[in-house]
Amino acid sequence: MHGNEPIVGLLYNPAVPSVLDALGSQVDFVEVIPDRLWYDFGVTASRRFSHASAAIDELRDHVKSRRVIGHGIGLSLPSAMPLDGRLLDEVVATHRAFNFEWYSEHLSMFLVPGRSVPNAQAGMGLPVVLDDETLRLVAGKVRQLQQALGTEILLENSTIFSAIPEPDMTEPAFFNRLYEETGCGMLLDLHNLYANTINLGMSADEYLSEIDPRIVREIHLAGGDWLKGHYTDSHSRATPSPVWKWAYEWAPRFPNLGAITFEYHESYHKRIGLSGVAQEIEKMHDLAHDIGSQRREVA
Amino acid sequence: MLVHFQKALADLTASPALCREVRENPDVLRELYQLSEKEWRRLVSITASKGMEANCMLYRANRLAPVALNLPETCEAIRDDLNRLISAYWDSEPITDVHFLVEADRFCCFLEHQEELSPQAREALAREHAVVSAKLAATRQNATQVTVKSPTE
């Protein structure tokens, strides 16, 4: 890895320690979902959080010589409700423990407004209205996160199955404006984009062309499955070839891209296999070298 | 109101029956939620879209996950009746609990009151409920306000 290349890593799950043991320094970083490090008994519980101590210890053992990125799923920034302060406190504490390079959340809704956590969970990421009201809402919470964490905040584009009609702006325009107003960067999930091109008929080139290249700090790669005529971001396979093609074509254009992450779910570890994950890591390093070469030529 | 729009979207995703009702009579949305005309049009359009079917399927799959993960033998034992039973459980407990063990425990309690369970299913349920209860008790015992410690602490 050269200084001007993005780092290469994996989304952490219970199967990843064995991968890290096998691949050693090939994996530059792990991306940790803080919400998977505790059990949450809900806002009304006097003793709300129970930490998964064994999982935390195992993670700690495997990040001694690696960088760590935080990737949250619980704060649900677009939900029309205040941030959950105690949950945010836990995220902050996890950041202090593992020193995240940066922290990301999603541009989708995981909580139902008007109810409290955990009973407010919508059970999946739902699409958001792309308008000024949502932008103000998300921007305000991004600022809160920036202040609380003291680190860079990113937002990820999500897989959706029904785009909300009559948007006031496109999704790339939403990300661009959020960056202009708050400095919040983009975690560009190319596999989510791939799923949206299949399910919604979106044009990847149009989407990627509209993104301000400066805002992309991280790229996610993954593979998915078909479910009754819908393509899902199930993190169940190696990255499909069209996604690699976009990665090679577009990633070198993002001057601030700092990390490339492969995501898979532990329940598919057997299907993908250690060799499959190793191949993904190798291809990601090839991509990172390619980006580094192009950056050196420009410099 | 954005709050009502988001609530309606989540309710629709959780309920194929509500989706069917809205498709037949879109004014139902106005009766249940405070929506602007634009919000109402958006929801009517989404409800009619092909993607709403995927939203509903994934919602059910996600809600099933804690049960399938923690009660595999019970699910196998009630296999032919799982769909009906889980739907009845969700009707009685419409709100998901994000704590997988709490959700699995609640389903166990629901099943225990179902008289038509076979002896084989009841046996699997008793065995797996005991494991879930023990794990849940352990997480409750550890629950604290103490936050994650840094590696140096």
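Can you name the residue in segment A:40-68 that is assigned to a loop (DSSP other than H, G, I, E, B), free of Cβ contacts under 8 Å to residues at least 60 places away in the same chain and over 30 Å from A:Ile7 (Cβ atoms) and is also nearest to the other protein chains (Cβ to nearest Cβ) among such residues? I'd like the intermediate steps shown before the answer.
Going through segment A:40-68, the residues assigned to a loop (DSSP other than H, G, I, E, B) turn out to be A:41-48, A:52, A:63-66.
Applying the additional criterion that residues be free of Cβ contacts under 8 Å to residues at least 60 places away in the same chain yields A:45-48, A:52, A:63-66.
Filter once more, keeping what is over 30 Å from A:Ile7 (Cβ atoms): A:45-48.
On the way: A:Ala45: 7, A:Ser46: 9, A:Arg47: 4, A:Arg48: 7 Å.
If we take residues in segment A:40-68 being assigned to a loop (DSSP other than H, G, I, E, B), free of Cβ contacts under 8 Å to residues at least 60 places away in the same chain and over 30 Å from A:Ile7 (Cβ atoms), then A:Arg47 is nearest to the other protein chains (Cβ to nearest Cβ).
Per-residue answers, yes or no, for (1) at pLDDT below 95; (2) surrounded by fewer than 22 Cβ atoms within 10 Å (Cβ to Cβ); (3) under 26 Å from A:Ala238 (Cα atoms):
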site: A:Glu5; (1), (2), (3): no, yes, yes
site: A:Val8; (1), (2), (3): no, no, yes
site: A:Val16; (1), (2), (3): no, no, yes
site: A:Gly24; (1), (2), (3): yes, yes, yes
site: A:Asp35; (1), (2), (3): yes, yes, yes
site: A:Asp40; (1), (2), (3): yes, no, no
site: A:Ala45; (1), (2), (3): yes, yes, no
site: A:Phe49; (1), (2), (3): yes, no, no
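Which ones in segment B:21-41 are touching a Ser or Thr at 6+ places or on another chain (Cβ under 9 Å) and either in the same structural domain as B:Arg106 (by TED's automatic domain parsing) or not hydrophobic (A, V, I, L, M, F, W, C) (or both)?
Within segment B:21-41, B:Glu21, B:Arg23, B:Pro26 meet the criteria.
Mind counting the residues in segment A:191-228 that are over 11 Å from A:Glu156 (Cβ atoms), aliphatic (A, V, I, L, M) and in contact with a Ser or Thr (Cβ under 9 Å, 6 or more places away or on another chain)?
Of the residues in segment A:191-228, 6 are over 11 Å from A:Glu156 (Cβ atoms), aliphatic (A, V, I, L, M) and in contact with a Ser or Thr (Cβ under 9 Å, 6 or more places away or on another chain).
What are the residues in segment B:42-53 that are surrounded by fewer than 21 Cβ atoms within 10 Å (Cβ to Cβ) and hydroxyl-bearing (Ser, Thr, Tyr), if any?
Filtering segment B:42-53 for residues surrounded by fewer than 21 Cβ atoms within 10 Å (Cβ to Cβ) gives B:44-45, B:48-51, B:53.
Within segment B:42-53, B:Ser45, B:Ser49 meet the criteria.
Find all pairs meeting these conditions: Cβ atoms under 6 angstrom apart; at least six residues apart or on different chains; first residue within segment B:43-68 and more than 8 Å from chain A (Cβ to nearest Cβ); second residue of a type in the set (Phe, Trp, Tyr).
Within 6 Å, the pairs are B:Pro66/B:Phe100; B:Val67/B:Phe107.
Take segment B:40-70 and flag every residue that is more than 14 Å from B:Cys19 (Cβ to Cβ) and either touching a Cys at 6+ places or on another chain (Cβ under 7 Å) or not hydrophobic (A, V, I, L, M, F, W, C) (or both).
Hits for segment B:40-70 are B:Arg41, B:Arg42, B:Asn62, B:Arg63, B:Pro66, B:Val67, B:Ala68, B:Asn70.
Any residue in segment B:91-110 that is among the small types (Gly, Ala, Ser) and more than 11 Å from the chain's Cα centre (by Cα)?
Initial filter on segment B:91-110 (among the small types (Gly, Ala, Ser)): B:92, B:104.
From what's left, more than 11 Å from the chain's Cα centre (by Cα): none.
No, there is no match, as no residue in segment B:91-110 is among the small types (Gly, Ala, Ser) and more than 11 Å from the chain's Cα centre (by Cα).
Please specify each residue of segment B:16-32 satisfying the condition of being in a helix (DSSP H, G or I) and without any contact (Cβ under 8 Å) to a residue 12 or more places away in the chain.
Within segment B:16-32, the first condition is being in a helix (DSSP H, G or I), and the residues that meet it are B:16-24, B:28-32.
B:Ala17, B:Leu18, B:Arg20, B:Glu21, B:Glu24, B:Val28, B:Arg30, B:Glu31 - these are the residues of segment B:16-32 that are in a helix (DSSP H, G or I) and without any contact (Cβ under 8 Å) to a residue 12 or more places away in the chain.
Identify the residue in segment B:17-32 that is under 21 Å from A:Gly125 (Cα atoms) and out of contact with any Asp or Glu (no Cβ under 8 Å at 6 or more places or on another chain) and, among all such residues, is farthest from the other protein chains (Cβ to nearest Cβ).
That would be B:Ala17.
Against the definition (of a type outside the set (A, V, I, L, M, F, W, C) and touching a strand residue (DSSP E or B) at 6+ places or on another chain (Cβ under 6 Å)), how does B:Tyr89 come out, yes or no?
Numbers: of a type outside the set (A, V, I, L, M, F, W, C): yes; touching a strand residue (DSSP E or B) at 6+ places or on another chain (Cβ under 6 Å): no.
When the stated conditions are applied, B:Tyr89 does not pass them.
Within segment A:123-160, can you find the residues that are touching a strand residue (DSSP E or B) at 6+ places or on another chain (Cβ under 6 Å) and facing another protein chain (nearest Cβ under 8 Å)?
A:Leu126
In segment B:6-15, is there at least one residue being modelled with pLDDT under 95, farther than 21 Å from A:Asp233 by Cα and outside any helix (DSSP H, G or I)?
Yes, there is a match, as at least one residue in segment B:6-15 is modelled with pLDDT under 95, farther than 21 Å from A:Asp233 by Cα and outside any helix (DSSP H, G or I).
Would you kindly identify the helices (runs of 4 or more DSSP H) lying entirely within segment B:54-153 that contain at least 1 residues that are among the acidic types (Asp, Glu) and surrounded by 15 or more Cβ atoms within 10 Å (Cβ to Cβ)?
B:100-112, B:119-142
Restricting to segment A:233-277, count the residues that are buried (at least 20 other Cβ atoms within 10 Å of the Cβ) and more than 25 Å from A:Ile153 (Cα to Cα).
Total satisfying the criteria: 4.
Quick check on A:Leu287: is it in contact (Cβ under 8 Å) with a residue 12 or more places away in the chain, surrounded by 15 or more Cβ atoms within 10 Å (Cβ to Cβ), in contact with a strand residue (DSSP E or B) (Cβ under 6 Å, 6 or more places away or on another chain) and not small (Gly, Ala, Ser)?
no
So which residues in segment A:185-207 are among the aliphatic types (A, V, I, L, M) and assigned to a helix (DSSP H, G or I), if there are any at all?
The answer is A:Leu190, A:Leu193, A:Ala195, A:Ile198, A:Leu200, A:Ala204.
Go through segment A:96-117 and count every residue that is touching a Ser or Thr at 6+ places or on another chain (Cβ under 8 Å) and at pLDDT below 90.
The total comes to 6.
The values are calculated or read from the model by the stated rules, or taken from the named source; none is laboratory data. Predicted, not measured: the structure shown is a model, and the values here were computed from it. Note: ideal-geometry Cβ built from the backbone for every residue, glycine included; neighbour counts use all protein chains shown.
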